[in-house]
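So the structure is just underneath, and the comments pick up after that.
The values are calculated or read from the model by the stated rules, or taken from the named source; none is laboratory data. Remember, predicted model here, so these are calculated numbers, not experimental data. Cβ: placed from backbone, ideal geometry, glycine included. Neighbour counts: every protein chain shown. Side chains included, ligands, DNA and RNA excluded: accessible areas come from the protein's heavy atoms. Shrake-Rupley method; radii C 1.70, N 1.55, O 1.52, S 1.80 Å.
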Amino acid sequence: MKRCLAALAAACAVLLAPHAHAQAWPSKPVKVIAVFPPGGSVDQVARILAQQLQVQTGQPFVVENKGGASGSIGAANVASSPPDGYTIGVVFDTHGVNPSLIPNMPFDTLTDLAPVTLVGTSPMAIVAHSSQPYASFADVIAAAKAKPGSISYGSIGSGSLGHLAMTQIANQLKVEMTHIPYKGGGPLMNDAVGGQVPLAIGTVFLVTPHVKGGRVKALGVTSPSPSQQLPGVKPVAEQGVPGFSALAWWGIIVPAKTPPAMVQRIHEEIAKALKDPGVAEKLGAQGMDVLGGGPADLDRFLRGEIARWAKVVKDNNIRAGD
């Protein structure tokens, strides 16, 4: 009987150990991988959350920017990290495009990474330098039709959601637009503000501070309805591209073999951070609809995005680096 009780106690200890470990998280600094360079929306989301998580837990959350290859370099870094809860990644909508865009990635998006939290979504906005003659996206369309090949625009990278959205618009309208890829939102907006690129497409989260500063003007948004952060700016669906919609998004991931109890613990802390009034205000003020969806929500959403954009990439023969 004593041996049976001892064996039962040992079995219970094994079963309960992951839960106890998760409840003790974090007991040391946590690395937060932002998969795009400083200055863009991924970097901002990572730093806003890291600051609040440090307040909540008493442990440092250290942001490391590992940009490149549309966020896949940073995601690969997360995938190869120990599955112990001490490396988390902040990814962008490119995370749902990369599987069809980048051949031979060193990880599988669905099997080598675990979803944690769907942070939120946002419309994208098409903006122009203040010196450009366009007052609306309808003006851009008119110029593209009047002089084929005359329109150039920048995005955060080849195969980014902005790139795919503009490609769809061009296809739908049967016009030509030249894509100029950048390595993240920071570099893109630096050139948009400086007038080095005439048009740019980025999240409302990314462009709003520059629009409010008067350095660029918003011509249209990619959501079905107007954005509260850009009053008076019409959806492109109302400017000659009927039915068009595309939303950017942000999510939290960890290595795939992270214990489910740990994944849930991390999500709970992040969800708590997203409910903090200060965090919600910072994210909402720049155009994000904060969602805070759990692992199952992000998994379902991500699988839908992968399927949707795989078709666009294939139909338009889009390749990384184009």
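Amide hydrogen proximity for residue 63: with H placed 1.01 Å from N in the peptide plane, the residues at 5 or more positions away or on another chain lying under 5 Å are 32. In this structure, the residue pairs whose Cα-Cα separation is over 32 Å, taken from 147/183; 28/311; 145/234; 183/311, are 28/311. The residues of the chain present an accessible area of 43 Å² per residue when probed at 1.4 Å with all protein chains retained.
Share of carbon and sulfur in the accessible area of the stretch 123-238 stands at 51%, probe radius 1.4 Å. Across the stretch 123-238, counting alpha-carbon atoms alone, Rg and Dmax equal 12.6, 34 Å. Computed 3J(HN,Hα) for the stretch 95-109, one whole-Hz value per residue from the Karplus formula 6.51 cos²θ - 1.76 cosθ + 1.60 where θ = phi - 60°, is 4, x, 9, 3, x, 9, 8, 10, x, 6, 4, x, 8, 9, 4, glycine and proline marked x. Each eigenvalue of the Cα gyration tensor of the stretch 48-166, multiplied by 5 and square-rooted, gives one semi-axis; in descending order these are 36, 19, 11 Å. Over the chain, DSSP H runs of length four or greater, each weighted -39,500 (n - 2.57), average out per residue to a 222 nm ellipticity of -13500 deg cm²/dmol. For the chain, a Kirkwood radius taken over Cα pairs fed into Stokes-Einstein (10 °C, viscosity 1.306 mPa s) yields D = 78 µm²/s. Legend: calculated FRET efficiency, residue 178 to residue 212, from the Cβ-Cβ distance at R0 = 41 Å, rounded to 0.05, equals 0.90. Each label was represented as a point 7 Å from its Cα along the Cα-to-Cβ direction; for residue 315 and residue 276 these points are 4.2 nm apart. Taking all protein chains as they are arranged and a probe of 1.4 Å, the heavy atoms of residue 84 leave approximately 50 Å² accessible to solvent.
The HN-Hα couplings worked out from phi for the stretch 170-180 by the Karplus form 6.51 cos²θ - 1.76 cosθ + 1.60 (θ = phi - 60°) are 4, 5, 4, 8, 6, 10, 9, 9, 8, 8, 10 Hz, whole numbers, x standing for Gly and Pro.
On the basis of the beta-carbon distance and an R0 of 30 Å, residue 296 and residue 145 show a calculated FRET efficiency of 0.10. As a calculated quantity, the FRET efficiency between residue 27 and residue 191 at R0 = 30 Å, using C-beta atoms, amounts to about 0.10.
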